[in-house]
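Enquirer: My questions all concern the structure below.
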Amino acid sequence: MRGTEMAPVPEVLIDRIAEAAGVPSEETGWWDTHDSVNILVESAMAARQEGDLPRAAHLLELADEVVAAADGVPGRTALRLLTRRQLGTVRRLQGRYEESEHLLSSALAVAEDAPVRYSNELFELCNELGILFRYAGRFNHAAAFYNRARTLLRQAGAPEGAAMASVLHNLGGLAHARGDFAAAEEPARRAMHIRVRLLGENSVEVAADKGALAAVLTDLNRLDEAESLLTEALAVIDEHYGPHHLETGIALGNLAALHYKQGRHDRAEIGFDRCLFIKERHLGPSHPELTVTLNNLALLMRRREDIEGARHMWERALVILEGSVREEHSLLCVVREGLKSLPPSGRQPCPVPRGARPAERSVTWQEIPRAYGLRSRLTPESLDVLRNRVHHVVNELAVRDDGDPRADEVALVIAGLPLPYFGKTDRQALDGPDGDVGRDS
């Protein structure tokens, strides 16, 4: 056994903790249960900020093992609440809503039954459960937990702090998700004012509040104020996180929704495309949070009479939502109604050669997503736009995958240039060049 006499940690766990935290095991000899859990949680939070959710989940699962092995250690309940809440948040961010609910609800039950009142953990758990149920489309549950969190803050004498700003931000987002735009403005604006007073105009937290308020104002058709807020928010978020961060993608999605309302459909499509690209990079191709952007793109395509493009986006959103949310989820209903509103598909299935598996057949032009009917509409001007868009994507790939020779190969292929010969042991990087659009989450 290692660690202090007060809260020792089993040897096998100490070695795993050292490996997970990236430190030599000999440096962890003095760590006790509290040290180990806190270091793992801090590492998990850093991984979460970097967008590495699998690593964050791994670290938190290990922290929970450490707590489970610490029977009789003082403060064990508080540690259990911390690890379960953090892991529940990560599972929600991964789109694993049922697992998140189980973790957070079990932690809440422990906090409520404990002889010591864990007021801060109760607040955090209620707020996080509110967020989870809002994303899962269970709005009444979300409202109950947000209001309980607000009551806990008032009882603690903290009616105007950062925690209250977070709850107000979330209440505004919930009212907006319900379509009650007028009710959403007051809490969203109040959250922004509280945080401006606490943190100043140029904090990323204030930028998030501005983005949320702007989304509400967009649906209230107060577009000038919304555009001003979104422009300010995006400048701060982009500077703080960079152009490829998930928060930047969300801000771009909200700005694209504003452009759609303004009738600037070309700019809206570029923004939605960029938002979807960033979300897929961080969340994967089947995360529920992609469906807001997929729905927005479908609405835009239907407006442009690109029926098959709209169908493709709604069908993809439907597959994701049916596997992750309940039947009453509002966006699931919107997607199904959108598909019903489209005329029957004119797509013909491609014949499969005898003896070939479906994955082996050739893909026809009409089967390429977003390319339905494109060939007949191409002009010299639209080809030029397409070429510029392709170059933009290639530049994004080059920035994202800097140092990976495959990124340069992709650029060469798109440019129509031959690939250089690479020997098996001599591979080097090349030197080379009618519905409302919804707010993002």
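Enquirer: Could you please give the count of residues in the range 296-323 that are closer than 14 Å to residue 335 by Cβ, open to solvent by 10 Å² or more (accessible area, probe 1.4 Å) and not aliphatic (A, V, I, L, M)?
Expert: Qualifying residue count for the region: 7.
Enquirer: Continuing with the same structure: Take residue 99 and decide whether it is under 28 Å from the mean Cα position of the chain (by Cα), surrounded by fewer than 18 Cβ atoms within 10 Å (Cβ to Cβ), modelled with pLDDT of 95 or more and not hydroxyl-bearing (Ser, Thr, Tyr). First the steps, then the outcome.
Expert: Working: under 28 Å from the mean Cα position of the chain (by Cα): yes; surrounded by fewer than 18 Cβ atoms within 10 Å (Cβ to Cβ): yes; modelled with pLDDT of 95 or more: yes; not hydroxyl-bearing (Ser, Thr, Tyr): yes.
Judged against the criteria, residue 99 is a match.
Enquirer: Still on this structure: Out of all the residues in the range 242-273, which are assigned to a helix (DSSP H, G or I), under 14 Å from the mean Cα position of the chain (by Cα) and not hydrophobic (A, V, I, L, M, F, W, C)?
Expert: Step one: filter the range 242-273 for residues assigned to a helix (DSSP H, G or I), giving 246-261, 265-273.
Now restrict to residues that are under 14 Å from the mean Cα position of the chain (by Cα): 246-254.
Within the range 242-273, 247, 248, 249, 253, 254 qualify.
Enquirer: Please verify whether residue 41 is at pLDDT below 90, part of a helix (DSSP H, G or I) and of a type in the set (A, V, I, L, M, F, W, C), treating the condition exactly as stated.
Expert: Criteria not met by residue 41.
Enquirer: Follow-up question, since we're still on this one. Pick from 144, 162: which is modelled with pLDDT under 95 and either among the charged types (D, E, K, R) or surrounded by fewer than 18 Cβ atoms within 10 Å (Cβ to Cβ) (or both)?
Expert: Only one candidate qualifies: 162.
Enquirer: Given (1) open to solvent by 40 Å² or more (accessible area, probe 1.4 Å); (2) among the charged types (D, E, K, R); (3) over 26 Å from residue 197 (Cβ atoms), where does residue 138 come up short, assuming only one miss?
Expert: (1)
Enquirer: Still on this structure, please answer the following. Given the conditions (1) farther than 27 Å from residue 104 by Cβ; (2) part of a helix (DSSP H, G or I), and given that residue 202 satisfies all but one, which numbered condition is not satisfied?
Expert: (2)
Enquirer: Yes or no: residue 175 more than 22 Å from residue 133 (Cα to Cα), at pLDDT 95 or above and open to solvent by less than 50 Å² (accessible area, probe 1.4 Å)?
Expert: So residue 175 does not fit the description; no.
Enquirer: Any idea which residue in the range 184-208 is farthest from residue 166 (Cα to Cα), counting only those that are among the acidic types (Asp, Glu) and surrounded by 15 or more Cβ atoms within 10 Å (Cβ to Cβ)?
Expert: 185
The values are calculated or read from the model by the stated rules, or taken from the named source; none is laboratory data. Just so it is clear, the structure is predicted and the values come from calculations on it, not from any experiment. Every residue, glycine among them, receives a Cβ derived from its backbone with ideal geometry; neighbour counts consider all protein chains shown. The protein model used for the area step is the full one, side chains on, heavy atoms only, and it has no ligands, DNA or RNA in it. Shrake-Rupley method; radii C 1.70, N 1.55, O 1.52, S 1.80 Å.
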